[in-house]
Amino acid sequence: MDDQQVLLGISRSDMLARIERCGRDPAMLDLGSNMLLHFAYEYLPYPPVSPIAPLSLAGASWVPDGVDRISRLPDELLRDIISRLPAKDAARTAALASRWRPLWRSAPLALVDSHLLPDGGASGPLIIGAPSPRAVTGAVSSALAAHPGPFSCVHLTCSTMDEHRGEMARWVDTLVAKGVQDLVFVNRPWPIDLRLPATLFSCASLTRLYLGVWTLPGTAAVPRGASFPNLRELGLCMTVMEDRALAFLLERSPVLEFLLIMWSQTGARLRLVSHSLRCLQLGYTHLKDIEVVDAPRLERLFLRNVSLPGTGKFTINSPSRIKIGGAPNLRVLGYIQPGQTELGISNTVIVAGSKENIVPSVQILAIDVQLGIRNAVKKVPGFLRCFPKLETLHVYSPPIPEKSTGKVNLKFWEEGGPMKCMVQSMKKVFFYEFQGSRSEVAFLKFIAERGRVLELMVVVVAKACFSSVDDDVNVKLKPLTGAKWSSKACKLQIIESPRTDVAGPLCRHNIVSDFGWADPFDLRYYYKAERISVSYS
């Protein structure tokens, strides 16, 4: 649909009326909403328990004396075993022996409603059009009522909450009272404008919270003194909220380390003030402005958008302006579109070459730019000058439309002026979905001839661009391989991309928040792809 905000904060009847006025097929509404749900479910964390693991005791016959030694374990260990089982299997342990009967009620319970479906959730998330599973809703209500708590993990993603408003309100009250720690709470639309019960904001036990397809209550409706003193991870997926609501959440979450906003509504502004946040991830957002005001521990700022293959047009718009103020430890930034997004330092939009407009802490940068279009790349030289200590650069260049304007050659980059990072600090360059255009080769050659400390350049060649023979790649890359490389120690690796359907830079959102990955943009699976041999001197 052309109007990207049509699905957020509007009732189903209003959406249908709007679609019919535009002469569209009403069936497109469910198709679009299923696509949105697909994106939302992609960002949800996996539950810590699974019904797939075999629980059969068939292998117990090999025990020589047939003695039940597991039941002899201390209560603490048995409760730990039960807490690692899906709720249905955990309840069944009460039937094993009298020793186990009281343990289920005293063990922290993991309740995942998709595990209560007939197939245990094996068919994946329920889509729009599938009936709301009333039996599952009833089972959730029974489990929440029967167990005294606490609940280590509760994932509720199967029910159309509008059909169960009474149960939904009781669920929230119960979860707050019984100390849920890990909560994923998703409404299967419709309606998307269903308001989340404000009592949830009184749940002080939460350490992780993911909300999907809700309208967040206004700050005036939240109980006085409500806070999330233990919350470390917060995900807001397809939520409608006031600008003030997000600031309110951050204020009331003093130890929050990871914040995800996926598909927020058009026009919202993010003003980030947090002394605990380490990672901010924005996926398919409609945020107009992002301002990092005071975030002394922020290390990663990650944006993800979608483009239409072969068009270079973005279905989801990037923020029009990003201001970076108090973020002295920001080390990883991307994917940024230099031609479409203004990057500012403090209260000033960056001007190419201005000494006061630099981010010296950033060491890893990922950009998304069409190198064959002059209007798209004209801001890139000034943009790169803002990162004087950049060590690793990731570049994704979308396919260029047939009727592209402007020539981007080696002379263009030479006239762009000196870039300190390219000469003094840049060690690694990754270029994804290389199409073989002269503009791409000119950019890579410019880096090769100026990168004094360059150690590695990886070029991932798009699968669809070349017929099959490696010589085609050699011909396209000849100006690069024959260049006078400034760093004689640099290694050039040419890899055939494993991707066939390319709709934007490939990134894994779950890696972004994993600080075990020093570089979240460096997808190691590329190294398993087919290497292309090139003559390199």
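Any chance you could tell me what percent of the C-alpha pair distances in the range 134-197 go past 20 Å? Show your work: numbers first, answer last.
Details: 415 of 2016 pairs.
Counting pairs separated by more than 20 Å, the tail of P(r) holds 21 percent.
Multiplying the sequence separation of Ser106 and Ser50 by 0.36 nm and subtracting their Cα-Cα distance, what value in nm do you get? Don't skip to the end; give the middle numbers.
Working: separation 56, 0.36 × 56 = 20.16 nm, distance 2.06 nm.
Roughly 18.1 nm would be gained on extension.
For the range 83-106 and the range 132-177, what is the centre-to-centre distance using only Cα atoms, to the nearest Å?
If you average the Cα positions of each part, the centres end up 20 Å apart.
Please compute the net charge surrounding Glu391, taking Lys and Arg as +1 and Asp and Glu as -1 over other residues with Cβ under 14 Å from its Cβ. Mind showing how you got there, number by number?
On the way: positive: Arg331, Lys389, Lys420, Lys427, Lys428, Arg452; negative: Glu455, Asp519, Asp522.
Once positives and negatives cancel, what remains is +3.
With r defined as the distance between the Cβ atoms of Ala97 and Ala221 and R0 fixed at 45 Å, what FRET efficiency is calculated, to the nearest 0.05?
It comes out at approximately 0.40.
Distance cut-off 18 Å, Cα to Cα: go down the list Lys445/Lys476; Lys407/Lys445; Lys323/Lys428; Lys379/Lys428 and report the pairs above it. Please list the in-between numbers first.
Numbers: Lys445/Lys476 12 Å; Lys407/Lys445 16 Å; Lys323/Lys428 26 Å; Lys379/Lys428 21 Å.
Violating the 18 Å limit, Cα to Cα: Lys323/Lys428; Lys379/Lys428.
Whole-Hz ³J(HN,Hα) for each residue in the range 132-142, computed from phi via Karplus 6.51 cos²θ - 1.76 cosθ + 1.60 with θ = phi - 60°, x for glycine and proline: what do you get?
So the J values, rounded to whole Hz, are 5, x, 5, 5, 5, 4, x, 5, 5, 4, 5.
Tell me, what % of the accessible area of the range 90-191 is carbon and sulfur with a 1.4 angstrom probe? Write down the numbers at each step before the final one.
Details: 2340 of 4040 Å².
Whole-percent figure for carbon plus sulfur exposure: 58.
Can you work out ³J(HN,Hα) from phi for every residue in the range 229-242, in order, using Karplus 6.51 cos²θ - 1.76 cosθ + 1.60 and θ = phi - 60°, giving whole Hz and x for Gly and Pro?
x, 10, 6, 10, 9, 9, x, 10, 10, 6, 9, 10, 8, 6
Based on the Cβ-Cβ distance of Arg438 and Lys389, what FRET efficiency does E = 1/(1 + (r/R0)^6) give at R0 = 45 Å, to the nearest 0.05?
On the way: r = 31 Å, r/R0 = 0.68.
Efficiency for this residue pair is about 0.90.
May I ask you to compute the full-extension gain from Cys22 to Lys407, defined as 0.36 nm times their residue separation minus their alpha-carbon distance, rounded to one decimal in nm?
Values: separation 385, 0.36 × 385 = 138.60 nm, distance 3.95 nm.
Computed gain between Cys22 and Lys407 is 134.6 nm.
Write down the accessible area per residue of the range 385-464 in Å², having rolled a 1.4 Å probe over the full set of protein chains. Don't skip to the end; give the middle numbers.
Values: 3330 Å² over 80 residues.
Value for the range 385-464: 42 Å² per residue.
Counting other C-beta atoms within 10 Å, and keeping those with at most 12, which DSSP coil GluC sites (Glu not before Pro) do you find in the range 365-457? Let's see the in-between values first.
Working: sites: Glu391, Glu402, Glu414, Glu415, Glu433, Glu440, Glu449, Glu455; in loops: Glu391, Glu402, Glu455.
For GluC sites (Glu not before Pro) across the range 365-457 that sit outside H, G, I, E and B with at most 12 neighbouring Cβ atoms in 10 Å, the list reads Glu402.
The values are calculated or read from the model by the stated rules, or taken from the named source; none is laboratory data. This is a predicted model, so every value here is computed, not measured. Glycine gets a Cβ as well: all are built from the backbone with ideal geometry, and neighbour counts include every protein chain shown. Calculation scope for accessible area: heavy atoms of the full protein, side chains included, ligands and nucleic acids excluded. Shrake-Rupley method; radii C 1.70, N 1.55, O 1.52, S 1.80 Å.
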